[in-house]
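To start, the structure under review is shown below, and the notes come after it.
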Amino acid sequence: MSYPYQIQSLEAYHKAYRESVEDPETFWASVAGHFQWKKKWSRVLEWNFKEPRVEWFKDAKLNITENCIDRHLAEKGETPAIIWEPNNPQERTRIVTYNRLHKRVCQFAQVLKNNGVKKGDRVCIYMGMVPELAYAVLGCARIGAIHSVIFGGFSAQSIADRLQDAKAEFIVTCDGAYRGNKDIPLKAVIDDALIGNQTVKKVIVYTRTRTPVSMIKGRDLWWEDEMEHAEHQIEKEGKIEFPAEEMDAEDPLFILYTSGSTGKPKGVVHSSAGYMVWTNYTFVNTFQYQPGDIHFCTADIGWITGHSYILYGPLSDGATTLMFEGIPTWPDAGRFWEIVDKHQVNILYTAPTAIRSLMGFGLDPLKGKELSSLKILGTVGEPINVEAWNWYHEHVGKKRCPIVDTWWQTETGGCMITNLAGITPSKPGWATLPMPGVQPILVDENGKEVTEQDENGLWKGNLCIKAPWPSILRTTYGDHERCRLNYFSAYENLYFTGDGALKDENGFYRITGRVDDVLNVSGHRLGTAEIENAINMHAGVVESAVVGYPHDIKGQGVYAFVIYGHMHGDAESTRKDLLQTVSRIIGPIAKPDKIQFVSGLPKTRSGKIMRRILRKIAEGETGNLGDTTTLLDPGVVDEIRQGRI
């Protein structure tokens, strides 16, 4: 067992949950007591959702990197902290022990200091999935600089917007990045993003792809030269490390940008202490991590999942985390399974989008793969449909691995509603029970708690949270009013998640999707995720996306974009089959009015479907569809537009 607060039975879960709600200060003080603090707190929690203001571990002092690295060195110095699996399976795997991680993070902290970076400065990190990305993130945290990682697929304009919002003065990037069979010219994108920029002073460039780059004198520096200089400097001064900056519990640790309804990205700010405690607690409990386990989270560190469950959660527990540079379908669709067997992975945490994509390749890529090391599977990013859950359970987990279906958000910092692997019950398609410390409530449009069950015996409403948990977002960078308006103004004294949910008689929750992705058809509220789940149940469907469009009679009609495998018969008879499926699973009211068969959906490089674009096409808008540069395949938009029904 890793820590005394690892929940090991259903009874222990109920006890922990009860204590966390009845006396949160005592509960979280007990958990936090297992971390390394430079100074203890004067008060565990002060909060007010009206302002909003939340403070955890008030007046405490710490540095998160001492908890992620230094405290493990005595016992785990030669234990792998990070296993790095490159994009190309022919390239050498890198094993980064805790000792090496400590050395590299201290070196990079010195590099930052040498280049004028101070506590509180914002450092933008735009890199591929290489270990140096981890060194950069942790190096910033070591000196108290606020890191803002930008996913390596964003366009120059998107980066420019984020740099401007964060008023970042420093950038860390790579010459390029490998992603499947593509070389992405990261430094060239940064150069474009910096045209007209007045704030950035230094750009540090790590060599990965040996792509020719333009290096501007006085601004651009090579990572390798800076690290070598820092190493000599540390040795010359007789130091063995770079001392960790003392941080206040509420000092910002990082900014992570997430899309907003206005189109302008929101810079979600997470604190140092609360985020650390929550990511560790949720990692240890959700995945039931045991010392020696290999944890493989397939996310990119450019997203919150990578922050929390590749880096901070696992490392704060002294775990071994696997970091993958590539994509699941290159050089073939067996890549994940090869990695699992090669490194004897015990925990696999991935997205339903990836699972559905791999389902489309059939079972051949799984042939010859043992997958016997797997103990626990997990999903993240969106509700998983039942068909994908069953495929994952049967063909990947061999019916012996519990699946944790985790619901959480960039704004929450870590898992909020999820089953705990092998400890609390699972239910396909349902996130199930809240983590200790999370107090969900379902409310109607007026903010009143939903007390009446529907015809299926379920409670249905908008998902809010009644009280703060340690890693709740603290603000949106530079615009606290936007934070209040987005998350705390819809319903009094509640954090509004923006999601709708169902609750059953066991207290299990099922997320039905964004409330702005809810359709009002003839007065009936229908979650798009619910309709998509029904369509995806049809044997021939690979993936679908549902949006609303103006309907003369119903108010809103249901428009479905469907990727179909192999059609038997004509399109019209297949449409009828799909309508029958939806009618059977949800009811006739949910039947799509229009079904358009497509070869692909407009997705970002992280796999998120851009429903905004589909909505505009469904509504008949053929002109301005907004920025499509962040899409994996922008060409698919024209095909969908031309095939509109």
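All of the numbers you see were taken from the coordinates with simple rules; none came from a lab. No experiment lies behind these values; they were computed from the predicted model shown. Virtual Cβ from ideal backbone geometry, glycine too; neighbours counted across all protein chains shown.
Any chance you could tell me what percent of the C-alpha pair distances in the range 78-214 go past 20 Å? Of all Cα-Cα distances in the range 78-214, 46 percent exceed 20 Å.
Its relative contact order, with pairs defined as Cα atoms under 8 Å and 6+ residues apart, puts the range 88-197 at 27 percent. This model, with +1 at the C-beta of Lys and Arg and -1 at the C-beta of Asp and Glu, gives the range 56-179 a dipole about its Cα centre of some 280 debye.
Rounded to the nearest 5, the antiparallel percentage of DSSP beta bridges internal to the range 45-192 is 60%.
Over the chain, what is the relative contact order in whole percent, taking alpha-carbon pairs under 8 Å and six or more residues apart? 11 percent. Kirkwood analysis of the Cα pair distances in the chain returns a hydrodynamic radius of 25.4 Å.
Selection among His147, Tyr487, Cys106 by position relative to the dipole of the chain gives Cys106 as farthest towards the positive end (Cβ unit charges, Cα centre). For the listed peptides 613-624, 132-143, 327-338, 289-300, a ranking on the average number of other beta carbons within 10 Å per residue, highest first, reads 132-143, 289-300, 327-338, 613-624. The angle between the Cα long axis of helix 98-114 and the longest principal axis of the Cα atoms of the chain comes to about 80 degrees, rounded to the nearest 10.
Counting every alpha-carbon pair across the range 1-111, the share separated by more than 22 Å comes to 56%.
When the charge dipole of the chain is built from unit charges on Cβ atoms (+1 for Lys and Arg, -1 for Asp and Glu) and taken about the Cα centre, the candidate among Thr350, Met435, Asn624 whose Cα reaches farthest toward its positive end is Asn624.
Taking the inverse of the mean 1/r over every pair of distinct Cα atoms in the range 522-642 gives a Kirkwood hydrodynamic radius of 14.8 Å.
Charges were assigned to the Cβ only: +1 to each Lys and Arg, -1 to each Asp and Glu. The resulting dipole of the range 94-248 about its Cα centre is roughly 180 debye. Evaluated at q = 0.22, 0.24 Å⁻¹, the base-10 log of the normalised Debye intensity for the range 457-547, with identical point scatterers placed on the Cα atoms, takes the values -1.13, -1.21.
Go through Ile301, Leu45, Leu221 and say which Cα lies farthest out towards the positive end of the charge dipole of the chain; charges sit on Cβ, +1 for Lys and Arg, -1 for Asp and Glu. Looking along the dipole axis, the top candidate is Leu221. Each of His34, His393, His566, His270 has some number of other Cβ atoms within 10 Å of its Cβ, and from fewest to most they run His566, His34, His393, His270. Among 315-323, 507-515, sorting by the average number of other beta carbon atoms lying within 10 angstrom of each residue, highest first, gives 315-323, 507-515. Between the helical axis of 10-22 and the dominant principal axis of the chain, each derived from Cα atoms, what acute angle in degrees is found, rounded to the nearest 10? Once rounded, one gets 80 degrees. Charge dipole of the chain (Cα centre as origin; +1 on each Lys and Arg Cβ, -1 on each Asp and Glu Cβ, all else neutral): 420 debye, rounded to the nearest 20. For the range 124-203, the equivalent ellipsoid built from the Cα gyration tensor has semi-axes of 19, 17, 9 Å, listed from largest to smallest. If I take R0 = 45 Å and measure r between the Cβ atoms of Lys119 and Lys448 in this structure, what FRET efficiency does the formula 1/(1 + (r/R0)^6) give, to the nearest 0.05? So, using R0 = 45 Å, E works out to roughly 0.50.
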